[in-house]
Amino acid sequence: MARDFLMVGAGLSGAVVGRALAEAGHRVRVVEARDHVGGNCHTRRDPETGIMVHVYGPHIFHTDDEEVWDYVNAHARFRPYMNRVKTTARGEVFSLPVNLHTINQFFRRTMRPDEARAFIAEQQADRSILEPHSFEEQALRFIGRDLYEAFFKGYTQKQWGCAPSELPASILKRLPLRFNYDDNYFFHRFQGIPEEGYTAMVEGILDHPNIALRLNTVFDPAQVGEGTHVFWSGPLDGWFGYDLGRLGYRTLDFERFTYRGDYQGCAVMNYGDVEVPWTRITEHKHFAPWEHHAGSVCYREYSRAARPDDIPYYPIRQVAEKALLTDYAARARKERGVSFIGRLGTYRYLDMDVTIREALDSARATLAALKQGSRIPAFFHPPL
């Protein structure tokens, strides 16, 4: 028997779950507070230059999940794209992730891979730190003070608004150190960007006769009809009106500027020096190297603590936030008729491919619960 479902949010989570339920014959309504679908991976053509702009910051799709890769390619034409990040530090431009070129350039050496590995291990890395507890300790043990202070300390302080010694070691584990000249930022087999942007892809996912979409619509509990199950992809604490307090996020401010020509020669230029107030500059025409534009659109990015009216980007997940998260998650599990999904609904940092994987799994779990006559879970993927 067909059921009614309400997706709050037209980002990747709501779109993918809604599409799967619609294809199974259920009625799906999607409400979105913004004037576009796609959430923070929204893209649009810049009216001045015609460049495809990643409005809320750049998104490069990368995954080893073949099913997810096939899924997104069924809804958009992906073009190959390799993320090659550069960083300006101490008056020079270096390659990221830290690789053999970075090491040789920084130390003014011409080391081979085995020589560089031994050099870092024996002359740079702090092996007295046996069990790193902070980002700083992890960096000092992993790459040593010189590389850490040049490439990670200032950038991290600007990105997170606190000393790296106050951040967990797990953050740095996502940053590789390579002893070859590979400057591909990601390891994954499948990497690309949709030719017509992410918004067109999400519009394609939502294009189904069983899906009704309403933009510029703030969720109102009165919209939930009797027997309708809600999938909430908004902030977890927002479902409860933030009555226990707000979970902490970092947000981003963007300073747009244009340039006649090629401003920096790459899509992403980080700035590692703490004296430079922005974390990076993105030049968006380089995210679509198959296109050609005489002009250029660039954005300086500034990171700061999110205020109530800001767009939440990165969950902080420090001790205080995790304590508050525990309380909200316990309340959420007692709710009926609602499931919390996605980055905001579970207060976790998720790459796009993981978001889609979890959404597909959540939809399948929902269909299984309906078939078995059991309760649809509040969380398909626990926030803690």
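Just so you know, all these numbers are worked out from the coordinates, no wet-lab data involved. What you see is a predicted model, and the numbers here were worked out from it, not measured in a lab. When we count neighbours, we look across all protein chains shown, and the Cβ atoms used for this are built from the backbone with ideal geometry, even at glycine.
Within the chain, antiparallel bridges make up roughly 65 percent of the DSSP beta bridges whose residues both belong there. What angle, in degrees between 0 and 90 and rounded to the nearest 10, separates the Cα long axis of helix 319-334 from the longest principal axis of the Cα atoms of the chain? In the chain, helix 319-334 runs at an angle near 20 degrees to the longest axis. Convex hull volume of the Cα atoms of segment 249-305, normalised per residue: 84 Å³. What percent do you get for the relative contact order of the chain when only Cα pairs under 8 Å and 6+ apart count? Relative contact order here is 25 percent.
Just checking the listed ones, 224, 354, 338: in the Gaussian network model of the chain with Cα springs under 10 Å, the one fluctuating most is 224. Relative contact order for segment 97-174: 27 percent, from Cα pairs under 8 Å spaced at least 6 residues apart, divided by residue count. Using the rule -39500 (n - 2.57) for each DSSP H run of four or more residues, divided by the residues of the chain, the 222 nm mean residue ellipticity is -8000 deg cm²/dmol. When +1 charges are put on Lys and Arg Cβ atoms and -1 charges on Asp and Glu Cβ atoms, the dipole computed for the chain relative to its Cα centre reaches about 380 debye. Loop-located trypsin sites (Lys or Arg not before Pro) across segment 255-341 with a Cβ neighbour count of 12 or fewer within 10 Å are 336, with loop assigned by DSSP. Amide H contacts under 5 Å for residue 56: 42, restricted to partners 5 or more places along the chain or on a different chain, H placed in the peptide plane at 1.01 Å from N.
Per residue, the convex hull spanned by the Cα atoms of segment 78-118 amounts to 92 cubic angstrom. Helix 66-75 and the longest principal axis of the Cα set of the chain meet at an angle near 70°. For segment 249-305, the dipole from Cβ point charges (+1 on Lys and Arg, -1 on Asp and Glu) about the Cα centre works out to 140 debye, to the nearest 20.
The C-alpha radius of gyration of segment 299-378, expressed as a fraction of 2.2 N^0.38 Å, stands at 1.34. Per-residue extension of 0.36 nm, minus the Cα-Cα distance of residue 222 and residue 336, leaves a gain of 39.5 nm for this segment.
Helix 352-372 versus the longest principal axis of the chain: what is the Cα-based angle in degrees, 0 to 90, to the nearest 10? Rounded to the nearest ten degrees, it is 30. In loop segments of segment 149-191 as defined by DSSP, the trypsin sites (Lys or Arg not before Pro) with at most 11 further C-beta atoms inside 10 Å of their C-beta are 189. What fraction of the Cα pairs in segment 226-276, stated in percent, has a spacing above 16 angstrom? Tail fraction, whole percent: 71. Near residue 339, the amide H atoms lying under 5 Å from its own belong to 230, 231, 232; only residues 5 or more places off or on other chains count, and H is placed 1.01 Å from N.
Between 234, 161, 342, the Gaussian network model of the chain with springs among Cα atoms under 10 angstrom shows the greatest mean-square fluctuation at 161. Across segment 94-108, rounded Karplus estimates of 3J(HN,Hα) from the backbone phi angles (6.51 cos²θ - 1.76 cosθ + 1.60, θ = phi - 60°) give 10, 9, 10, x, 4, 10, 4, 5, 4, 5, 5, 5, 5, 8, 6 Hz, Gly and Pro being marked x. Taking every alpha-carbon pair in segment 1-144 and binning the separations at 5 Å intervals from zero gives 2, 7, 10, 12, 12, 11, 10, 10, 10, 7, 5, 3, 1, 0 percent.
Residue-wise HN-Hα couplings along segment 124-137, as the Karplus relation 6.51 cos²θ - 1.76 cosθ + 1.60 with θ = phi - 60° gives them from phi, are 10, 5, 8, 7, 6, 8, 7, 10, x, 10, 10, 3, 4, 5 Hz; Gly and Pro carry x. If I take all pairs of Cα atoms in segment 233-384, what percentage of them are more than 20 Å from each other? Of the Cα pairs, 61 percent sit more than 20 Å apart. Normalised size of segment 105-253, defined as Cα radius of gyration per 2.2 N^0.38 Å with N residues, equals 1.58. Among the GluC sites (Glu not before Pro) in segment 249-336, those located in a DSSP loop and surrounded by at most 14 other Cβ atoms within 10 Å of their own Cβ are 275, 291, 335. For segment 97-174, the fraction of C-alpha pairs farther apart than 14 angstrom is 61 percent. Scattering from the chain was approximated by placing one identical point on each alpha carbon and applying the Debye formula without solvent; log10 I(q)/I(0) at 0.06, 0.07, 0.08 1/Å stands at -0.26, -0.35, -0.46.
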